[in-house]
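Heads up: the structure comes next, in structure tokens.
Here, each number is a calculation from the coordinates, and none is a lab measurement. Because the structure is predicted, anything quoted here is derived from the model rather than measured. No Cβ is skipped: glycine too gets one built from the backbone with ideal geometry, and neighbour counts run over all protein chains shown.
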Amino acid sequence: MSYEGVPGLVETREAFGETTLVVDPARVADACLHLRDELGFNVLVDITATDYLGWGDAGVSGYYATSGGRDINDPMTQGYARLPDARPKRFSLNYHLLRLADDHARVRVQLWLDDGEAVESVVPVWATADWHEREAWDMMGIPFAGHPNLRRLLMDDDWEGHPLRKDYPVGGEPVRFSEAE
Amino acid sequence: MATVERGSAIYEGSRIPSPTPTVLVPDPALEDVLTVNFGPNHPSMHGVLRLVVDLHGEQVVGLNAVIGYLHTGFEKTMEQKTYWKCITYPERIDYVSFQYNELVFVLAVEKLLGLQIPRKATWTRMLFSELARIHSHLVYLGTSALEIGAISIFWYCFRERDLLLDLFEMVAGTRMHTRYFQVGGIAEDIPLGFYEQARAFCRRMPEAVDEYEDLLNRNAIWQQRTRGIGALSAADALALGQTGPNLRASGVDWDIRKREPYLAYDQVDFDVPVYGGGDVYDRYKVRVDEMRESTRIVAQCIDRLEEMHGEPWIADDRKVVLPPREELHTSMESLIHHFKIVTEGFPVPEGEVYVGVESARGESGCYLVSDGGPKPWRVKFRAPSFAALEATAACSRDAYVADLIAIVGSLDAVMGDVDR
């Protein structure tokens, strides 16, 4: 299967038996339309945003070790066996597509985005993208241009912040103790 | 009965899904529109779903689903836990078919690790996946029929559900949220007496399904409440990302177990029921038929597992798998491994994977990113209920307010799965 004609294709990766197409974020709607109409990927399975803030650093996702490896002065810690490969930008946005046909196939379309960088909505391509994009906006703060109804989905409408970002504190809801009153 | 010919081409091509709404907006010219809040605390809302419904008389002219009342941040929590401790979380996401999210998470970790699983573990996982499918369909059938007035069916379904929970209790000690699947295999060997009890269940279940069908199939009220209600065409179902029974009720012959076999589904004999009407009744028929098919798979799994008596049920990789309990008293190395896995967890190689399985509700998927450390960098569950609920508006075009209950019930969304 050749993905060479996909508009804005930057790179094709094969890992763990899965195909990842890295696409220029400015051309994602074209790329998705091409994948749907020319290559038959008729089902959008999922959209996932991932925050790579602090990727490879210490202390972000609960690590206490140094990024170079185990901190021998601090017991009960675990460092990295090796530093993970650097990521081009802070956020990745992954569209998992399925060609639901007799010659079925799956592909992951991946975009790299900076904080606040808008990406074109794919709701006109797959209607199901509506809620998936709203969830990505709600949880990670990725704005989708041209989305018909980009409001929060899981959190309250007046919620501040995007909870799945790595800089969003765990237990982030401010709690006022009675002593402070 | 509009079944689809087996072997016929499944839906080809695609289309611009402009008339496939995820929100229904009432015509502004319409007068006398009453806006009603359904839920979030309504007995028919399967947990805490809120539907903001615009009614013109009894006709639904506008619909907007408001979700998130059960959002508990499982994905964020799992980023703080080692893989070993994470396994308890996924099954609480879809709390009606708890084994599936657990399975898909464990499969994703194993894919990153490149771990080989003993065949006994594979077959045991398959056995419990199918029991979970029956369990989930029983809860669907009991509750969704109850909601539209058929009360007795609820007691019939929960009678068999109790037998299933007894089986879960035998292997795991808990009736729900078993945490039975483990990275590398399963947590414990199957106990003595399990196969006999499971066989008794397999003998009982086809009779029980006959009883459910006797109660409902020719029941005039059930027919009128479900036939032609909430129809979803194949094209709309695909545009809305439907999977599982909802898609197969719309005439698309797609089942991951058949098309992209995982575990050992290519070695068991079963059929995939497909109906063409796409209405509430066909969704009911698909699930009832699936209960029969799952019972067949369970029986085949028991046959195979009995031959594997005495074989290992978990991989022998001491860097990932907890050592056997009895070794802790005699082997220092085992004690160290046990201590390291429990306190630090095990590192998982850097990478990103997506694994999808056919759960009771459709494609249950897990996208997992690892940075090489002992905790997942990002876990995302592709929830079939999330997509199913998105189709509520498309199914409710031209529906009456009473049909809305039947439609929401038939889409079989579990709010824990939707909100995560």
### Only Lys, Arg (+1) and Asp, Glu (-1) charged, at Cβ; the protein assembly as shown dipole about Cα centre in debye
720
### Summary
Listing B:Cys86, B:Cys202 by rising number of other beta-carbon atoms within 10 angstrom, fewest first, gives B:Cys202, B:Cys86
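Using the Cβ atoms and a cut-off under 13 Å, what net charge is assigned to the surroundings of B:Gly173, where Lys and Arg are +1 and Asp and Glu are -1?
Summing Lys and Arg as +1 and Asp and Glu as -1 gives -1.
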### Summary
Total charge of the residues flanking B:Gln300 in space, meaning their Cβ is under 10 Å from its Cβ, with Lys and Arg +1 and Asp and Glu -1, is -1
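Counting only C-alpha contacts under 8 Å and six or more residues apart, can you give the relative contact order of chain B as a whole percent?
Reported as a whole number, the value is 26 percent.
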### Query
Picking from B:Tyr275, B:Tyr367, B:Tyr100, which is most flexible by a Gaussian network model of chain B using Cα springs under 10 Å?
B:Tyr367
## Note on the structure
The relative contact order of the stretch B:303-401, taking Cα pairs under 8 Å that sit 6 or more residues apart, comes to a percentage of 16
### Message
I need the shape label for the stretch B:74-419. Rule: rounded when a/c is under 1.5, else prolate if a/b > b/c, else oblate, with a, b, c from the alpha carbon gyration tensor.
### Response
prolate
### Task
Find the centroid of the Cα atoms in the stretch B:134-202 and in the stretch A:1-49, then give the distance between the two in whole Å.
40
### Task
Sticking to Cα atoms, compute the Rg of the protein assembly as shown to one decimal and its Dmax as the biggest Cα-Cα distance, whole number, in Å.
24.1, 81
### Query
By counting other Cβ atoms within 10 Å of each Cβ, how are B:Phe194, B:Phe346, B:Phe105 ranked from fewest to most?
B:Phe194, B:Phe346, B:Phe105
### Summary
Other residues with Cβ under 15 Å from the Cβ of B:Gly416 give, with Lys and Arg +1 and Asp and Glu -1, a net charge of -3
#### Entry: Among B:Met126, B:Met78, B:Met308: highest mean-square fluctuation, GNM of chain B, C-alpha pairs under 10 Å
B:Met308
### Query
Which ordering of B:Ile256, B:Ile151, B:Ile93 is given by a fewest-first count of other beta-carbon atoms within 10 Å?
B:Ile151, B:Ile256, B:Ile93
### Query
When you look at the Cβ of every residue in B:377-387, what mean number of other chain Cβ atoms sits within 10 Å?
5
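Once the cut-off is 24 Å, how many percent of the Cα-Cα pairs in the stretch B:122-261 end up in the long-distance tail?
46
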### Task
Evaluate the charge dipole of the stretch B:74-419 about its Cα centre and quote only its size in Debye, nearest 20, assuming +1 on the Cβ of each Lys and Arg and -1 on the Cβ of each Asp and Glu.
440
## Note on the structure
In order over the stretch B:172-188: 3J(HN,Hα) from phi, Karplus 6.51/-1.76/1.60, θ = phi - 60°, whole Hz, x for each Gly or Pro, gives 10, x, 10, 7, 10, 6, 6, 6, 8, 7, 10, 4, x, x, 10, 6, 9
### Summary
Expressed as a whole number, the average count of other chain Cβ atoms within 10 Å around the Cβ atoms of A:141-150 is 1
### Task
Report, as an integer, the average count of C-beta atoms from other chains found within 10 Å of each Cβ along B:230-241.
3
### Task
Starting from the exponent 0.38 and prefactor 2.2 Å, build the expected Rg for the stretch B:296-408 from its residue count and divide its actual Cα Rg by it.
1.68
### Task
May I ask for the angle, rounded to the nearest 10°, between helix B:98-113 and the longest principal axis of chain B, with both axes built from Cα atoms and the value confined to 0 to 90°?
50
### Query
So which of A:Lys166/B:Lys120; A:Lys89/B:Lys258; B:Lys258/B:Lys340; B:Lys111/B:Lys285; B:Lys258/B:Lys285 end up more than 31 Å apart, counting from Cα to Cα?
A:Lys166/B:Lys120; A:Lys89/B:Lys258; B:Lys258/B:Lys340; B:Lys111/B:Lys285
### Estimated [θ] at 222 nm from DSSP helical runs (n ≥ 4, -39500 (n - 2.57)) normalised by residues in the protein assembly as shown, nearest 500
-11000 deg cm²/dmol
### Task
May I ask you to order B:394-400, B:372-378 by the average number of other C-beta atoms within 10 Å around their residues, highest value first?
B:372-378, B:394-400
### Task
Using +1 at the Cβ of each Lys and Arg and -1 at the Cβ of each Asp and Glu in chain B, identify which of B:Ser331, B:Val353, B:Val414 lies farthest towards the dipole's positive end.
B:Ser331
### Message
Could you tell me how far the Cα centroid of the stretch B:362-420 sits from the Cα centroid of the stretch A:96-125, in Å?
### Response
18
### Message
Can you compute the radius of gyration and Dmax for the stretch B:196-293, using only the Cα atoms, both in Å?
### Response
15.2, 45
